[in-house]
Amino acid sequence: MPQSPARRRVRPPRSPAPPEGAAGCTASLQQRRAQLPPVPSTLLIPLAARAHGGRYFPWLDCHDAVAPALLAELGADVNGTLNDLHTVLHVLWRTRAIKEAGRAFFAEHPQALGVNLGCGLTHHFQWLDTGANQWLDADLPEVMALRAPLLPPQCPRMRHANLDLSQPGWWQRLGLPTQPKATPVLLVCEGVLMYLPPAQVHAVLAEFAQHAPAGSRMVLDVMTRQAVGCAARHASVGPTGAEFRWGVGRMAELAAVHPRLRLLREQSVAEGYGWPGIALDLLWRPWFGAPLYGLATLGLKDLSP
């Protein structure tokens, strides 16, 4: 049975020196990373966990083929994140759950479109490429400017786009399908919504509900409302200056945003700790009303007469 992570100091492997002639490019990437605002700068947290977390939690290793090289190119010091072993476990657990949800969706819709809203430097398509589906990675312009030279689209079925989820109309701006009978879409939104005010989160969920074709899915991470305003006490997020602004009191609140939304599945990170974590989650749930941290999969009701 997996053991609960103990907090201890860990060190990633030393990054290799950049090849001759690449120093200017590396310096430019480091400068762009340093200029990221607080919320976008949190992209290093999942990147570090996916690159090195499997050494500490092998049962959750996602075998990310690109994350270690990205960290080396960025010249990022991620010791702080790797010392925060609970967060490393949470990212790896989340990654596995998203992979499972994505593979199930594309098994049913092998030519569908997947969209990573607020992609950061994540490369989910390495695990979810069916050979026939399509993928869109989207994030704020400053993030995509950092991502473009590191993770350019690798085939004609992939594309990049700028995205600001705080602004309504993002569905149309991304060119996502709106016809009711169109092929369903899979949306992934991880490590994003908890940094937005509740009204903006509700607007994002409502826009998905209003425009997505039947059969579409949205996988998003959630935290308890009790965590709102407490990011400064989070070992990895606190140093970035980002703040948690949205959480849920009950998972049912997600579906209550729009008549078309359905909560298809809820998962708690307690699963990643084995039976001890699950038992604690059962004890906490009456007090918090929702997992301390978890995932939700939303689907769509058919409201046709």
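The values are calculated or read from the model by the stated rules, or taken from the named source; none is laboratory data. A quick note: this is a predicted structure, and the numbers were derived from the prediction, not measured. Positions of Cβ are backbone-derived with ideal geometry, glycine not excepted, and every protein chain shown enters the neighbour counts.
Here residue 253 meets each of (1) without any contact (Cβ under 8 Å) to a residue 60 or more places away in the chain; (2) under 16 Å from the mean Cα position of the chain (by Cα) with one exception, condition (2).
Of the residues screened, residue 65 is one that is among the hydrophobic types (A, V, I, L, M, F, W, C), at pLDDT 95 or above and surrounded by fewer than 22 Cβ atoms within 10 Å (Cβ to Cβ).
Under the condition of being part of a helix (DSSP H, G or I) and either farther than 20 Å from residue 139 by Cα or touching a strand residue (DSSP E or B) at 6+ places or on another chain (Cβ under 7 Å) (or both), the residues counted in region 74-92 number 12.
If the condition is being farther than 21 Å from residue 197 by Cα and surrounded by fewer than 15 Cβ atoms within 10 Å (Cβ to Cβ), then region 160-175 contributes 172, 173, 175. From the list 157, 147, the lone residue that is within 30 Å of residue 227 (Cα to Cα), in contact with a strand residue (DSSP E or B) (Cβ under 8 Å, 6 or more places away or on another chain), crowded, with 17+ Cβ neighbours inside 10 Å and charged (D, E, K, R) is 147. One residue stands out in region 93-118 among those that are touching a helix residue (DSSP H, G or I) at 6+ places or on another chain (Cβ under 7 Å) and not in a helix (DSSP H, G or I): the one that is nearest to residue 45 (Cα to Cα), namely 114. Report those strands (runs of 3 or more DSSP E) wholly inside region 172-268 carrying at least 1 residues which are modelled with pLDDT under 95 and of a type in the set (Ser, Thr, Tyr). Output list reads 261-268.
Here residue 252 meets each of (1) out of contact with any strand residue (DSSP E or B) (no Cβ under 7 Å at 6 or more places or on another chain); (2) surrounded by fewer than 18 Cβ atoms within 10 Å (Cβ to Cβ) with one exception, condition (1).
Rundown of residues vs (1) modelled with pLDDT under 95; (2) out of contact with any Asp or Glu (no Cβ under 7 Å at 6 or more places or on another chain), yes/no style:
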position	(1), (2)
46	no, yes
50	no, no
56	no, yes
74	yes, yes
91	no, yes
95	no, yes
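One residue stands out among those in region 127-163 that are among the charged types (D, E, K, R) and within 16 Å of the chain's Cα centre (by Cα): the one that is nearest to residue 39 (Cα to Cα), which is 139. Residues that are under 19 Å from residue 188 (Cβ atoms) and surrounded by fewer than 21 Cβ atoms within 10 Å (Cβ to Cβ) are absent from region 272-293. Of all residues assigned to region 109-117, at least one qualifies as being crowded, with 22+ Cβ neighbours inside 10 Å, modelled with pLDDT of 95 or more and in contact with an Asp or Glu (Cβ under 6 Å, 6 or more places away or on another chain). When you look at residue 121, is it outside any loop (DSSP other than H, G, I, E, B) and buried (at least 20 other Cβ atoms within 10 Å of the Cβ), yes or no? No.
The residue pairs whose first member lies in region 128-149 and is over 25 Å from residue 111 (Cβ atoms), whose second member is in a helix (DSSP H, G or I), and whose beta carbons are closer than 6 Å, counting only pairs six or more residues apart or on different chains, are 140/40; 143/40; 146/32.
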